[in-house]
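A.B. asks: Could you have a look at this structure, given as structure tokens, before my questions?
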Amino acid sequence: MLFPTPLLTPDDHRVLEGIERMREGLRHQVYESPWRLTAGLQKFLTADAVAASNSIEGFKVATVDVEDLMDGERDVEVSDENREETLAYQRMMRYIQTLNDVEDFDYSKGLLNALHWMLQGHRHGPRKTAGQWRRGPVYVTDARDPSIAAYTAPDADQVPALMQELVDWLNAEDDAHPLVRAAMAHLHLVSIHPWADGNGRMSRSLQTLMIAREGVLAPEFSSIESWLGRPGNTWEYYRELNSRGSEYLPDQDVSSWMHFNLTAYHQQAQTVRGRIDRSGRVWEVLSKHARSMGLDERVVTALHDVAMAGRVRRSRYEHAEGLNMQQAQRDLRDLVTARLLEPVGRTRARYYTPGSQFPEQALEIAATPMTLTSPYAEG
């Protein structure tokens with residue numbers, strides 16, 4: 001048995017309509033932005049989702065470091081464990097992103113186990129099997145006292161039947177909005193807890209996949225994992241999951257879970273809209289500055305990364321612009337000579353930060369915080 005999808009209240013419908021308007025607006029913003037800017041935003045949003053979802057599980061890697069790891073950079077100061085977890089999650093997310101427009105797609109137990117192997121295959125062993133249903137009990141322990149089980153998942157012998165029910169539900173058509181179904185899929189999977197480890201990230205990834213399959217926005221612009229990874233939101237996320245009870249009790253009202261997810265969708269859309277707007281304004285300032293100095297337009301990519309993320313590495317700029325190593329090194333050397341960039345470190349570990357002549361206006365725009373509104377307080 002799965003949780004029944006709750007009926008939406010008039011406020012829920014109003015918030016959902018607001019989310020739809022923002023997402024449609026975002027779609028136009030993305031299409032109208034320069035392709036270099038859009039590509040950079042897609043990479044940032046993917047890295048931010050990976051960093052946030054992993055941080056919920058205790059693997060702390062900054063978004064800018066995740067971006068470097070995604071570019072194949074080896075000299076990133078993170079632990080071996082965090083590196084492995086980051087790259088595994090990123091590979092799984094990349095595959096999920098490619099599934100957004102597959103015509104003969106359907107959900108299956110095999111697909112879910114394959115995704116789990118991509119996430120947890122590097123941890124596969126006799127006690128923590130990857131890509132297979134768990135063979136024993138699993139508990140979510142209390143963050144304040146690991147000797148206390150905050151949640152005990154269904155018995156292992158119930159998992160195959162529950163997962164078949166979930167797969168059937170995923171492939172069935174109903175009248176619920178796709179965003180509502182995606183939120184429910186997250187709750188179903190995390191409550192069944194079918195694997196020995198990685199259940200939280202798999203549940204958040206399933207939600208991302210279902211949003212991506214909706215097709216309104218590119219997958220990179222659709223995930224709420226970044227929102228969930230903010231410390232205050234993470235606490236609310238656990239509180240909401242814990243309110244379901246200490247064991248699997250699907251015959252209950254989960255309206256508060258839907259309220260939580262609609263808030264997440266709305267505020268993440270606000271965040272992405274603000275990021276696109278801020279990035280576009282920074283790009284415009286830097287493009288104008290580059291033209292005034294007679295610089296090639298491609299260097300704006302490096303300058304934009306420095307303004308928005310605080311630094312850029314040669315490998316990132318090289319990949320973003322499709323350059324060879326010598327071309328990228330020459331461009332960055334010229335930017336250092338012009339005092340637009342300042343090199344930090346030596347050889348492979350070198351990265352670049354704003355130089356003394358970096359346009360202050362761009363840095364000010366990039367550093368300006370945005371304000372998020374509560375969608376349920378707007379009625």
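A.B. asks: Span-like helices, the chain: DSSP H, alpha-carbon axial extent 20 Å or more, mean Kyte-Doolittle 0.5 or greater, which ones?
C.D. replies: 178-192
A.B. asks: If packing is taken as the average count of other Cβ atoms within 10 Å, what order do 315-322, 341-348 fall into, highest mean first?
C.D. replies: 315-322, 341-348
A.B. asks: With a 10 Å radius around each residue's Cβ, average the other Cβ atoms per peptide and rank 303-311, 287-295, highest first.
C.D. replies: Ranked from most to least packed, the peptides come out as 303-311, 287-295.
A.B. asks: Could I ask something else about it? Looking only at the chain, where both bridge partners belong to it, what percent of the DSSP beta bridges are antiparallel (to the nearest 5)?
C.D. replies: Given both bridge residues lie in the chain, the antiparallel proportion sits at roughly 90 percent.
A.B. asks: Another question about this same structure. If I model a spin label at Ala143 and Arg350 as a point 7 Å from the Cα along the Cα→Cβ vector, what separation in nanometres do I get?
C.D. replies: My value for the distance between the label points is 4.2 nm.
A.B. asks: Grab the DSSP H runs of the chain that are 4 residues or longer, score each as -39,500 (n - 2.57), total them, divide by all residues and round the 222 nm result to the nearest 500 deg cm²/dmol.
C.D. replies: -19000 deg cm²/dmol
A.B. asks: Same structure, new question: Would you list Met1, Met22, Met202, Met118 from fewest to most Cβ contacts within 10 Å?
C.D. replies: The fewest-first ordering by Cβ neighbours comes to Met1, Met22, Met118, Met202.
A.B. asks: Here is a follow-up. Could you work out how much longer the chain between Trp169 and Glu240 gets when fully extended? Use 0.36 nm per residue separation minus the Cα distance between them, nm to one decimal.
C.D. replies: 23.3 nm
A.B. asks: Collect residues whose amide H, placed 1.01 Å from N in the peptide plane, falls under 5 Å from the amide H of Glu342; neighbours closer than 5 in sequence don't count.
C.D. replies: Amide H to amide H, under 5 Å and 5 or more residues apart or across chains, Glu342 pairs with Thr353, Gly355.
A.B. asks: Multiplying the sequence separation of Glu17 and Glu360 by 0.36 nm and subtracting their Cα-Cα distance, what value in nm do you get?
C.D. replies: 119.6 nm
A.B. asks: Give the aspartates and glutamates reachable from Lys288 as a straight Cα distance under 12 Å; neighbours fewer than 8 places away on the same chain don't count.
C.D. replies: Asp296, Glu297
A.B. asks: A follow-up question, please. What FRET efficiency would be calculated for the residue pair Leu7, His122, taking the C-beta separation as r and a Förster radius of 51 Å, to the nearest 0.05?
C.D. replies: So the FRET efficiency works out to roughly 0.75.
A.B. asks: OK, next. On a full-extension model of 0.36 nm per residue, what is the gain between Arg91 and Ser292, subtracting their alpha-carbon distance, rounded to one decimal in nm?
C.D. replies: Between Arg91 and Ser292, full extension yields an extra 68.3 nm.
A.B. asks: Right, something else. How about Lys60: which aspartates and glutamates have a C-alpha closer than 18 Å to its C-alpha, ignoring those fewer than 8 places off in the same chain?
C.D. replies: Once the sequence-local aspartates and glutamates are set aside, what remains near Lys60 is Asp48, Asp68, Glu73, Asp75, Glu77, Asp80, Glu81, Glu84, Glu85, Asp197, Glu225.
A.B. asks: Straight-line reach from Lys109: which lysines fall under 19 Å, measuring Cα to Cα and dropping same-chain residues less than 8 apart?
C.D. replies: Counting by Cα, and skipping residues close in sequence, Lys109 has these lysines nearby: Lys128.
All of the numbers you see were taken from the coordinates with simple rules; none came from a lab. Being a predicted model, the structure only gives us computed values, none of them experimental. Please note: Cβ atoms are built from the backbone with ideal geometry, for glycine as well, and neighbour counts cover all protein chains shown.
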